[in-house]
1. For the chain, what relative contact order do you get, as a whole percent, if you take Cα pairs closer than 8 Å and at least 6 residues apart?
2. GNM on the chain, C-alpha springs below 10 Å: top fluctuator among ILE14, ILE32, ILE50?
3. Aspartates and glutamates within cross-link reach of LYS40: Cα-Cα under 16 Å, excluding same-chain residues under 8 positions apart?
4. Based solely on its DSSP helices, what 222 nm [θ] is calculated for the chain when runs of n ≥ 4 H residues each add -39,500 (n - 2.57) and the sum is averaged over all residues, nearest 500 deg cm²/dmol?
5. Considering the options HIS69, ALA47, GLY29, tell which one lies farthest towards the positive end of the dipole of the chain, charges being +1 on Lys and Arg and -1 on Asp and Glu at the Cβ, about the Cα centre.
6. Counting only protein heavy atoms and using a 1.4 Å probe, what share of the accessible area of the chain belongs to carbon plus sulfur, as a whole percent?
7. Charges only on Cβ, +1 for Lys and Arg, -1 for Asp and Glu: so what's the dipole of the chain about the Cα centre, in debye to the nearest 20?
8. Suppose we flag chymotrypsin sites (Phe, Trp or Tyr not before Pro) only when DSSP calls them loop and at most 12 other Cβ atoms lie within 10 Å. Which is the longest uninterrupted stretch of the chain?
Amino acid sequence: MLSQGWIEETENLIHQGLLESPTAWQALGYPIIAEYLAGKCPKNELADKISTATWQFARRQITWFKHQHPEADFLYLP
């Protein structure tokens, strides 16, 4: 996604002021790309930071689901 224009999309959204809303900053990846554009994150760390944030979000979802639906069985697909 980074090589397909995600950085440019984020830059355009910032210039339009659309990333200033609280919900936009909750979207995975956009705040990290904004940090990169502001010079706070080197480009070589960008993909790793986004991957880590995505994995952390997925773990929180799994934990939430386990507590909300303890009777549910997980299906592990190959």
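1. Details: 30 pairs, mean separation 16.4, N = 78.
For the chain, the relative contact order is 21 percent.
2. Most flexible of the set in this elastic network: ILE14.
3. Hits, sequence-local ones excluded: GLU11, ASP48.
4. -19500 deg cm²/dmol
5. Of the listed residues, the answer is HIS69.
6. Ligands and nucleic acids excluded, carbon and sulfur give 56 percent.
7. Details: 6 positive and 9 negative charges, 49 e Å.
For the chain, the charge dipole is close to 240 debye.
8. The longest such stretch corresponds to 1-73.
The values are calculated or read from the model by the stated rules, or taken from the named source; none is laboratory data. Small disclaimer: the values here were computed from a predicted structure and weren't measured. Virtual Cβ from ideal backbone geometry, glycine too; neighbours counted across all protein chains shown. Quick note on the areas: whole protein, heavy atoms, side chains included, nothing else; ligands and nucleic acids left out. Shrake-Rupley method; radii C 1.70, N 1.55, O 1.52, S 1.80 Å.
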